[in-house]
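Notes follow once the structure below has been shown.
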Amino acid sequence: MTKEEFREIFAHTLPLDPGIYQFLDEDDTILYVGKAKNLRNRVNSYFSGENSSFKTRVMIRHAKKLNFTLVDTEQDALLLENTLIKRFQPRYNIMLKDGKTYAYLCIKNEKFPRVFFTRKVIRDGSTYFGPYTSKFRMNVLLEIIHQLFQLRTCNLPLNPESIAKGKFKVCLEYHIKNCQGPCEGYESEAEYADKIQQIKNILRGNFASVKQYLKELMQEYALNLQFELAQELKLKLEIFDNYQSKSTVVSASIRDVDVFSIASDPKEAFVNYLKIVNGAIIHTFTQEYIKNLNEEESDILAFAILEMREKFNSIAEEVIAPIKLSLPEEQFVVTIPQIGDKKKLLELSEKNVHYHLLQKRKEQINRTGKQTSAERILGTLKADLQMDAMPIHIECFDNSNIQGSNPVSACVVFKNAKPLKSEYRHFNVKTVEGPNDFATMEEVVYRRYKRQLEENKPLPQLIIIDGGKGQLSAAVKSLEALEIQDKVTIIGIAKRLEEIYFPGDSLPLYINKKSESLKLIQQARDEAHRFGITFHRNQRSKKFIQTQLRDIPGVGAKIADSLLKQYKSVEIIRNLPLEDLQTFLGLKKGEIVFRYFNAALSADDLLIC
């Protein structure tokens, strides 16, 4: 995915809400899953900065699609990201190998229930609250609960009969006032149950009375000059204020369900699907449907439910939907929730499907009411040059030589107003002797398009010749020889006043110096000049090195090329021992080359070598 593709398709349609995003390849394989507090800003960062790592650039290059799922909070985004990474193991994500899950607070299903931290959800009737992404926050909450309500921490099997028989004795926790001694009957089961109910209210977010209690206790500590205790309560109160009791992304009270929602307009409908397994979202998907008649939303949703359950191999026994549906007898029940966790999941699905509908409308507006920068520039160029076709494919030629030495020519290619460097070509001039710029242009243009025709490759809509009327006329001769002069537009640009010449017209065209179309022509001309000069310098350097070797008596072009190919530079050849040169060139030729570079050595020295 290029920056241009991202900016044209996604940049202005991404939401500012928290959520997760997925980069997918052309086979819909998930390459990367990420979370974001602000989806637009986070995804934009992949395409706006130059400091991204090599792996990130490779991932972006392979990505062809971008999907996202909205959630309510940044914490929910973290939870959903964790679930999807564990399930799909995307190639560019850090692998989660520790197997840990998020933490919960458990109210155990037993007489005089314990309240404790766990990472394992057991379906034994116990009540679980969470998950918690911050263990510190959860521990503080657990500490607050134990401070406010003295609960037992032992795992004794308390029941009325054992307590009545006096089988248990109070422990140290009772003596330090952390427990009220239900094991010896000092606290009744009803009193203990009242405390558990209050704890459940706190964990569900109904803690106004508890906050008031903490504030009063904090003020009391302050009045008694117990500032350290007051500060501790203040910190706990702040954490209490920021505490979120549960997440809609992972729920301990829900097992396997499918959640569907729909949003539509007169022409299209979108259906969002959330697949919930063991209380966690493991897959999200939004499907677009084209309306052919005036189908009702209920009919479209019923069709989508059956199709997606089959597509994703769902065996969930419950489907959550926003409206009543008429479905054939299936092995599942349809629920329309009004409150609770299931309602929150449905609201999350509806939030996503409505945003996808909104994104589709924005894309349509962008396509119909807004040109891309390339379309705007090429449209201006087409109008300025009075062309019949949009100049999507442009080629530009430039010659390089110094007093006729090493004449070369370069051809650069632009597609959609951008350089396409993989298509650049350079030419060693074969038929021209001396500094003849016109004949050079005629040769290379002929060679370029003769080969394009032989290989059935497309011709450009616009050809730019770096030069005035003479170079342009020479290029036109080649097009006429190939009988393609009527299939392309060709112009020449003179450097001095940036004059644009057309074939057969002695008067130049002057394009506004600030015009985007002239800037594109200048960019192509300058790029051809740069590419040609670089090639010309390389050729001159190579020829200079070959000339140095060919000055050696008895060394011709073939031997010089072999030496350069083997040893890369004259300096290396100069320092080679006699044995190496004779091994490579033979005894006689090797001695000649060695003597040339070591002329100061005496005959005795040479024998020693």
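Simple point charges give the picture: +1 on the Cβ of Lys and Arg, -1 on the Cβ of Asp and Glu, and for the stretch 55-95 a dipole about the Cα centre of about 540 debye. Size estimate for the stretch 467-517 follows the Kirkwood approach: the inverse of mean 1/r over distinct Cα pairs works out to 11.7 Å. Do the alpha carbons of any pairs in Lys65/Lys382; Lys421/Lys514; Lys35/Lys195; Lys215/Lys351; Lys430/Lys495; Lys311/Lys415 sit beyond 28 Å of each other, and which pairs? Checking Cα-Cα distances, Lys65/Lys382; Lys35/Lys195; Lys215/Lys351; Lys311/Lys415 exceed 28 Å.
The residues of the stretch 17-91 expose, per residue, 50 Å² of accessible area to a 1.4 Å probe. Once the chain from Arg123 to Thr153 is taken as fully extended at 0.36 nm per residue, the excess over their C-alpha distance is 8.7 nm. Here the stretch 150-209 has an Rg and Dmax of 13.1, 41 Å, counting Cα atoms alone.
The values are calculated or read from the model by the stated rules, or taken from the named source; none is laboratory data. None of these values were measured; they are calculated from a predicted model. Glycine gets a Cβ as well: all are built from the backbone with ideal geometry, and neighbour counts include every protein chain shown. These accessible areas exclude ligands, DNA and RNA; they are computed on the full protein's heavy atoms, side chains included. Shrake-Rupley method; radii C 1.70, N 1.55, O 1.52, S 1.80 Å.
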